[in-house]
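No value in this document is a laboratory result; all are computed from the given coordinates. The structure presented is a predicted model; accordingly, all values stated were derived computationally and were not measured. With ideal geometry, Cβ positions are generated from the backbone for all residues, glycine too; neighbour counts draw on all protein chains shown.
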């Protein structure tokens, strides 16, 4: 059995998010890339490239765009759009509702367990399955109490209230 590393681990994305990011990638590789090439060409036609601010700005924009294209392509290659089972078990692609254990006054809180790339698609907190709370809660069900070590080194105990499917 091979163990996935952070660099090779699948990234859960809602199908709608995957489709939006794919469309964004196509726009970047098509119209955006063509616009920058046109800017570079126009600036090149102005003459001396050593002192041509427009040319250098367009080349920098081209470099940024190409970097964004590569990052988005890598993300989409690792994307997993499989909808998780509607079984109440904490898993990527679910909205986890929880409360801190032992304090009846605490209100329930919720987060989407997914890659940070889902942040634009969810109006709330998004935690990675690799985050301390994500790792601790994976596989647990509503009603279970889980203790884990927080980022500050302090022990945190939470009660899972629900693990519901994310609806984009």
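Of the residues making up segment 147-168, those that are in contact with a helix residue (DSSP H, G or I) (Cβ under 9 Å, 6 or more places away or on another chain) and more than 19 Å from residue 126 (Cβ to Cβ) number 2. In segment 143-155 there is no residue that is within 22 Å of residue 79 (Cα to Cα) and touching a strand residue (DSSP E or B) at 6+ places or on another chain (Cβ under 6 Å).
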